[in-house]
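Below is one structure; the comments refer to it alone.
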Amino acid sequence: MATKTVIQTIRDTLFEEMERDERIIILGEDVGLAGGVFGATKGLQERFGEWRVIDTPLAESAIIGTAIGAALNGLLPIPEIQFADFIHPAFDQIVNEAARIRYRSNGAWNVQMVIRCPWGGGIHGALYHSQSVEAFFTHVPGLKVVAPSTPYDVAGLLRSSIDDPDPVLFLEHKKTYRLIKGEVPEGSRFKVPIGKAKVVRQGSDVSVFAYGLMVHQSLEAANLLSNEGIEAEVIDLRTLSPLDKETILNSVAKTGKALIVHEDNITGGFGAEVAAIIASEGFEYMDGPITRLAGPDVPAIPFASTLEEAFLPNTYKIAEAIRNLAKY
Amino acid sequence: MPGHYSYKPLKIVTGSSPIATQIPHAVGIALASKIKNEDVVTAVWFGEAASSKGDFHEGLNFAGVIKAPVIFICENNHYAISVPQNKQMAVPNVADKACAYGFPGVITDGNDVLDVYKAMKAAVERARSGEGPTLIECKTYRIVPHSSDDDESRYRTKVEVEEWKRKGPIERLRTYMQAQGIWSEEFENQVKSEALSIVDDATRFAEQASPPSPSSLLRHVFAEEAK
C-alpha cells in the first residue's frame, strides 16, 4: 500500500498501463513535453517516446477524431481534454461518432478509448476552468461516464475504462487532484467495476448521492450531523452511466429520504435522473421530498471568491439540506 | 440507414452524416499505421463543402504536422446542395487550402480517370515514403439532384447539367481506349454485364432480406449486448 494523491495515482496508473499494453497512446494538448498542465502525464513521453505520448495542436475535435481513428485501427487511445470546459468543440466527435459507431455499424466497429477530462469547480477557475459537463454526456447511449472521487477508485476505474471495449468519458475532479489522498495497493492490477456505486458511509436517516468533490463534502456534512443525532448514508455514485440503480434504491429503501448533490446547475442536471429513478422505482419507500442540492441556473461559476462560494454546494449547505430532510 | 455502410474485410470504415467528421478519423487511422510501422496508406473522401468545416482544418493541420500517410480526396462537385462554390469559399480551388498545412494540393480533372489515377499514384508513393499527406481535388459534377426531394431548377440551369453530362468519365475513358486500340464492343459488354449482375445480386439480396426484428433495436449499443 502507498498513500497517494489523485493526480499521482492517475499518472502512475497511466504509466503502468502503458508498460503493460503497447497499444495505449496518449494524445492531447501539453501532455508530452510538459507532462500535462496538472502533471497527469509527467515523464510519460520521456519513457514511451513522442509517438505514444503525442503533443497535439490545440484542436479538441481533432484530438478526439484522431483518437477514434487510431482506435478503429487497433490502438487504445487515451486522449486528454485539458479542461472539461473545452470539450464542447469535440462534442460532435464524441456524441455523433465515438458513441454511435458500434450501433451504426451493427456491431462491426467499436471505439475502445478513454477520454480523460478534468472538471469541476472550487479552484477559482472561473467560467471556463470550472465547468461540469456530465449531464451532456450521460444523455448519450453508447458512451460510459465515470467520475471517481478517491485515489483507489481512480486507479481501479481507470483500468476498467481502459479494458472496456466502448468509449468511456473519465471525469477527474480537478480539486481532488492534490487535495484527496488515499491508499492505493501496489503491484496489483486491481479494478473497480464500471456501473457500481459505493456506500461510503452507512446511515439510516437520509441517503446522500454525490460524485467527485461533492462526495467528500457530503461525508464531512454527514460526520458533522452525527453529533446532532442524524445519521446520513453517503453514496459515491462513481459511475454516472450506466448508473447503479440497485445501490440507489437499496439505500432509499432503508432511509426513505434522498438528497442528490452536484455542482452542475440544477435544471436538466444529472440529479434529475437520479431523482426520476427514485420517484418511479422507489416511490413506495419515500418519506420525504426527493431533494436536489446543486448549482444555480447561471451560465457558469464566476471568478470572484464570494460568487464561487455562493455557487457551489459545500459542507454547510449539504448539512442544512440533510437536516431539513431528516425533519420529515 | 444504408448510407452508413462499412466493410471491415476491405477496411472500409463506417461513415456518418455530419460533414467532415471522417477526416480526423482518417488521420488517426494513418497515425496508428505509422505507430505500428505498417505499410498502409489511408484515403478519405469528402466534398468541397466539407472544406468549410472545422474538422477539415483540424484534420489536415494535424496530418501535416505528423506527416501522416493519408490522402485527402475532395470530390468538388461545385455545390453544397444548392449553395455554389463561390458562396462557400473565396479561393478558386480547394487544393489551394493545402498550402496552410505544409503539403501539396493537387488539382485534377475529376472526370478523367487517368488524371485522377496519376495524382493518386503520386500521393500513394509520397505517403509510403514517409513524406506525408496530399490533398487531391477532383473537379467533377453531380448530374442528378441531391436527393429525391431536391428541386435543382432552383439553383442551376439545365444547360449547365447537360454540359457536364457530356463530360462523363466513362464515355471519356471509352473514347481514350478506342483511340489506343484497347477497347472492343465485346469488352464493354462483358464489363457492363458483370457490373450489372453484381448490382442485381446485391439488390435481390437486400429485397429478400427480412426487415430487422423490433427486438434488435437495443442491440449493439455496447459490447455486452452484442454477445
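Across the stretch A:311-328, rounded Karplus estimates of 3J(HN,Hα) from the backbone phi angles (6.51 cos²θ - 1.76 cosθ + 1.60, θ = phi - 60°) give 6, 7, x, 9, 3, 6, 5, 5, 4, 5, 5, 5, 4, 4, 5, 4, 5, 5 Hz, Gly and Pro being marked x.
From least to most packed, judged by other beta carbons within 10 angstrom and beginning with the fewest, A:Met214, B:Met120, A:Met1 follow the order A:Met1, B:Met120, A:Met214. The GNM of chain B, with springs linking C-alpha atoms under 10 angstrom apart, assigns the highest mean-square fluctuation among B:Ala43, B:Ala179, B:Ala195 to B:Ala195. For A:Ala2, nonlocal amide neighbours, meaning residues 5 or more places apart or on other chains whose placed amide H falls under 5 Å from its own, are A:Val184, A:Glu186. The calculated 222 nm mean residue ellipticity attributable to helices in chain A amounts to -10000 deg cm²/dmol, summing -39500 (n - 2.57) over DSSP H runs of n ≥ 4 and dividing by all residues. Remark: the stretch A:2-184 carries a charge dipole of roughly 280 debye about the Cα centre, counting +1 on each Lys and Arg Cβ and -1 on each Asp and Glu Cβ. Across the stretch A:184-289, Cα pairs under 8 Å and at least six residues apart give a relative contact order of 31 percent. Sorting A:Val95, A:Val111, B:Val144, B:Val94 from the fewest to the most surrounding beta carbons within 10 angstrom yields B:Val144, A:Val95, A:Val111, B:Val94. Simple spin-label estimate for A:Phe303 and A:Trp51 gives 4.4 nm between the two label positions (7 Å along the Cα-to-Cβ direction from each Cα). GNM remark for chain A: springs join alpha carbons under 10 Å apart, and the peak mean-square fluctuation among A:Pro89, A:Pro167, A:Pro313 falls on A:Pro89. Here chain A is treated with +1 on each Lys and Arg Cβ and -1 on each Asp and Glu Cβ, and its dipole about the Cα centre works out to around 360 debye.
Relative to the dominant Cα principal axis of chain A, helix A:245-255 is inclined by about 20°. 3J(HN,Hα) along the stretch B:87-103: 9, 9, 7, 9, 10, x, 10, 4, 4, 4, 6, 4, 4, 6, 10, x, 9 Hz, from the Karplus curve 6.51 cos²θ - 1.76 cosθ + 1.60 with θ = phi - 60°, whole Hz, x for Gly and Pro.
Show me the trypsin sites (Lys or Arg not before Pro) within the stretch B:1-61 that DSSP assigns to loop and that have at most 13 other Cβ atoms within 10 Å of their Cβ. Sites meeting the loop and neighbour criteria: B:Lys11. For the stretch A:104-121, the Karplus equation 6.51 cos²θ - 1.76 cosθ + 1.60, evaluated at θ = phi - 60°, returns couplings of 6, 9, 6, x, 6, 10, 9, 10, 8, 7, 10, 8, 8, 7, x, 9, x, x Hz by residue, with Gly and Pro reported as x.
Going by a ≥ b ≥ c, the root eigenvalues of the Cα gyration tensor, does chain B fall in the rounded group (a/c under 1.5), the prolate group (a/b larger than b/c) or the oblate group? Rounded. Among A:Trp51, A:Trp109, the order by Cβ neighbours within 10 angstrom, fewest to most, reads A:Trp51, A:Trp109. Around the amide H of B:Ala43, modelled in the peptide plane, lie the amide H atoms of B:Ile71, all under 5 Å away and 5 or more residues distant in sequence or on another chain. Lys and Arg at +1, Asp and Glu at -1: add these up for the other residues within a Cβ distance under 10 Å of A:Val133 and post the number. Every neighbour counted, the sum reads -3. Selection among A:Ala253, A:Ala279, A:Asn265 by position relative to the dipole of the stretch A:240-279 gives A:Ala253 as farthest towards the positive end (Cβ unit charges, Cα centre). Put simply, the amide H of A:Ile266, placed in the peptide plane, has neighbours under 5 Å in A:Gly295, A:Asp297, leaving out anything fewer than 5 places away on its chain. As a length-normalised measure over Cα pairs under 8 Å and 6 or more apart, the relative contact order of chain B settles at 15 percent.
Loop only by DSSP, 15 or fewer other Cβ within 10 Å of the Cβ. Give me the GluC sites (Glu not before Pro) in the stretch A:1-68 that pass, ordered by residue number. Qualifying residues, ordered by number: A:Glu22, A:Glu50. Within the listed set B:Ser197, B:Ser82, B:Ser52, the residue fluctuating most in the Gaussian network model of chain B (springs between alpha-carbon atoms under 10 angstrom) is B:Ser197.
Every number here is computed from the coordinates shown, using simple stated rules; none is lab data. Treat the numbers as computed from the prediction; the structure is a model and nothing was measured. Cβ: placed from backbone, ideal geometry, glycine included. Neighbour counts: every protein chain shown.
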